[in-house]
1. May I ask for the Kirkwood hydrodynamic radius of the chain, worked out over all distinct Cα pairs and given in angstroms to one decimal?
2. Tell me the relative contact order for the chain as a rounded percent, counting alpha carbon contacts under 8 Å between residues six or more apart.
3. Could you grab the relative contact order for the range 124-283? Cα pairs under 8 Å, six or more apart, rounded to a whole percent.
4. Just to be sure I understand the model, the point goes 7 Å from the Cα along the line to the Cβ. What's the resulting Val260 to Leu317 distance in nm?
5. Which of Ala193, Ala18, Ala243 moves most in a GNM of the chain, Cα contacts under 10 Å?
6. So how strong a dipole does the chain carry about its Cα centre when Lys and Arg Cβ are +1 and Asp and Glu Cβ are -1, to the nearest 20 debye?
7. Under a crude label model (7 Å from the Cα following the beta-carbon direction), how far is Ala33 from Glu21 in nanometres?
8. Using the C-alpha atoms of the range 77-178, what convex hull volume per residue, in cubic angstrom, is computed?
Amino acid sequence: VTTPSTDWKENIPEGEDAALEKLARELVEPLRARASEGKSVGRALHFKQHTGAKAKLEVREVPEHARHGLFARPATYDAYVRFSNGAGRHQKDSEPDVRGIGLKVLGVGGRKVIPGLEDEQTQDFLFIPTPTIPFRTAEEFVGFVSAARGGPLLLLPRYAFRVGLGRAISIVRRILKTTTPFRTFAGARMFTAVPNRFGPFAARFKLEPVGERDDSVTTSGDDSLAADLRERLAKAPLEWDLAAQFFVDEKTTPIEDATVDWSSPFTTLARLTVPRQELEPKTDELIETLAFDPWHALAEHRPLGHIMRARNHAYRLSTMERKAAAEPR
Ligand code: HEM
């Protein structure tokens, strides 16, 4: 069966909230250290911004079951995108890493989920190049980030001490397998990997590149991804289709286990266009100060599952420590 189901359910263990707040504090610890050393604080993860750019999201006429929240009716929205590396510090683009696209849709009416920010006008989606993550829990995620801070040689023993040798080996193996060379964002398929509500349903999102995949790259050097974006956008727009796949049942589309890929089909909802543009330092700087956060969401698109609940603590703390800008109007 692939019919979207309303039968999804979160499973929240006793004491989870306190545990997640503690993990968030561990994750953002280096920000305090950077601040006290007078260094640029930056993000706890996805520190390196290749480029920030103005974009546009055109919501299409979608099938009946997808007419909820942002996708209730066709409309065109202004948006910001932030292209990043995953690491919590500045490093060469040739280093193996996660990559990110942060999408902030502007001018979105309707009640938002973060207490105190209900009247904000933004809906964010955060994408990475893999449809799953190797971590079953936030403990495994933050444990990995912390273990990796000691350098590659100490990673495995430190990580094994934290999550057990079996899990440590299996996670590191999976990371090595899925962290393939990434030389351009053009033609890259990107995933939210974890679910959101979708009105009465639940869904995960992806960005599917539009048109022919021209992934030939002429740029090189430590910051080749930024140079590549700059070069391409000077000549032509970059386009993706935003699509959703819906929760069907707990076995094939699990809400609480982010290591399992969903098998349900995708429905195209909108077209994301980063228009042809000369990238402006001013926009780039503005976007560096913004907070891309999956919880900047309509009530109809509230994030779901353990990893999303962990992010509800981590992003708020990281953005507070680095004094991120308020939500743009
Ligand atoms: C599937 C899961 C995840 C995805 C797709 C994801 C994606 C991203 C992306 C794209 C960014 C960069 C946002 C920007 O450009 O500003 C980011 C930042 C960040 N992520 Fe995640 N992430 C995931 C899981 C997590 C988890 C589990 C945690 C911690 C418990 C976490 C903590 C952070 C933090 C602290 C930042 C920096 C926030 C800021 O200061 O703006 N992420 N993530």
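1. 20.3 Å
2. Relative contact order for the chain comes out at 26 percent.
3. On the way: 241 pairs, mean separation 36.4, N = 160.
Worked out over the range 124-283, it gives 23 percent.
4. 2.9 nm
5. Sorting by GNM fluctuation, first place goes to Ala18.
6. Value, rounded to 20: 540 debye.
7. Rounded to a tenth, the inter-label distance reads 2.4 nm.
8. Details: hull volume 14.4 nm³, N = 102.
Given the Cα convex hull of the range 77-178, per-residue volume reads 141 Å³.
The values are calculated or read from the model by the stated rules, or taken from the named source; none is laboratory data. Owing to the predicted nature of the structure, the values given are computational and were not obtained by experimental measurement. Every residue, glycine as well, gets a Cβ built from its backbone with ideal geometry; the counts of neighbours run over all protein chains shown. Accessible surface areas use protein heavy atoms only, side chains included; no ligands, DNA or RNA. Shrake-Rupley method; radii C 1.70, N 1.55, O 1.52, S 1.80 Å.
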